[in-house]
1. Looking at (1) open to solvent by 10 Å² or more (accessible area, probe 1.4 Å); (2) more than 12 Å from the chain's Cα centre (by Cα); (3) of a type in the set (A, V, I, L, M, F, W, C), which is the one condition that is false for Ala162?
2. With segment 51-138 as the region, which helices (runs of 4 or more DSSP H) entirely inside it contain at least 3 residues that are over 17 Å from Ile38 (Cβ atoms) and open to solvent by 10 Å² or more (accessible area, probe 1.4 Å)?
3. For the list (1) part of a helix (DSSP H, G or I); (2) open to solvent by less than 50 Å² (accessible area, probe 1.4 Å); (3) modelled with pLDDT of 95 or more, I need the number of the one condition that Thr143 fails.
4. If I filter segment 165-201 down to residues being surrounded by 15 or more Cβ atoms within 10 Å (Cβ to Cβ) and among the basic types (Lys, Arg), which single residue comes out as modelled with the highest pLDDT?
5. Closer than 14 Å to Asn103 by Cβ and modelled with pLDDT under 95: which single residue out of Ile148, Ile219 fits that description?
Amino acid sequence: MSKTPALLHRNDPDKPPLVGHVKVTREDWLNVARDILISEGVGQVKVLGIAERLDVSRSSFYWYFKSRKDLLNHLLDDWNTTNTGIMVHHTELVAETITGALNNFFRCVVDPEGFNHQLDFAVREWARRDGFVRRVIDRADATRHAAIMRMFLRHGYEPAEADIRARVLYYQQIGYYALDLAETLEERLSRVAGYLYCFTGVQPTASEIEAFASFSRKIAAD
């Protein structure tokens, strides 16, 4: 028996959904799964629950994923590609000074389209119950730390000092969101100069502080 067109498209993310058979895309399934992971935890990321939210049949899930485990693996890959990739990218942006480089780094965590701290926290909670996810996080943390360390090295720091400063910066940033602090934007901006000096040992220029403040206020207004 020959395959129907629908079966030819099954589990192929590059194929668009067939009109009349599937209402939603692969990305729709991932987006809802990600929202549930963040708000309710990995235990509630279930095929039936996602299907109900999307108002589609459970069977349409299998057009895009082989199983729930396959979906979770895609979620984990997506987290690593976005959060780790975004952070590494921002450490590599060109800057004349180390304080300017840190401002580039900070931009990725104040931009809602950048580093997703809620997703990062959700994946870390997931890792508490899953050894495989724990190992993935450990590798991601090592990649992020290495990228930040290279940023310091490019600006003349000795390896030992670059290593420690990278750790302090990264651990502070992850811890900041884990504490779920309720600072206003202006409160955060009022501390930027102090943070930059603390993390680098270098006084930032007024223009660097103003450039970051302008970027942050624009993001908040959009």
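1. Single failed check for Ala162: (1).
2. Output list reads 68-79, 85-91, 98-110.
3. (2)
4. If we take residues in segment 165-201 being surrounded by 15 or more Cβ atoms within 10 Å (Cβ to Cβ) and among the basic types (Lys, Arg), then Arg165 is modelled with the highest pLDDT.
5. Going through Ile148, Ile219 in turn, the sole match is Ile219.
A quick yes/no check of all residues on (1) more than 22 Å from Asp120 (Cβ to Cβ); (2) hydroxyl-bearing (Ser, Thr, Tyr); (3) touching a helix residue (DSSP H, G or I) at 6+ places or on another chain (Cβ under 7 Å):
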{"residue": "Glu161", "(1), (2), (3)": "yes, no, no"}
{"residue": "Tyr177", "(1), (2), (3)": "no, yes, yes"}
{"residue": "Asp180", "(1), (2), (3)": "no, no, no"}
{"residue": "Leu185", "(1), (2), (3)": "no, no, yes"}
{"residue": "Tyr197", "(1), (2), (3)": "yes, yes, no"}
{"residue": "Ile209", "(1), (2), (3)": "yes, no, yes"}
{"residue": "Ile219", "(1), (2), (3)": "no, no, yes"}
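The values are calculated or read from the model by the stated rules, or taken from the named source; none is laboratory data. Values in this document were obtained by computation on a predicted structure and should not be read as measured data. Please note: Cβ atoms are built from the backbone with ideal geometry, for glycine as well, and neighbour counts cover all protein chains shown. In case anyone asks, the SASA skips ligands and DNA or RNA and just uses the protein heavy atoms, side chains included. Shrake-Rupley method; radii C 1.70, N 1.55, O 1.52, S 1.80 Å.
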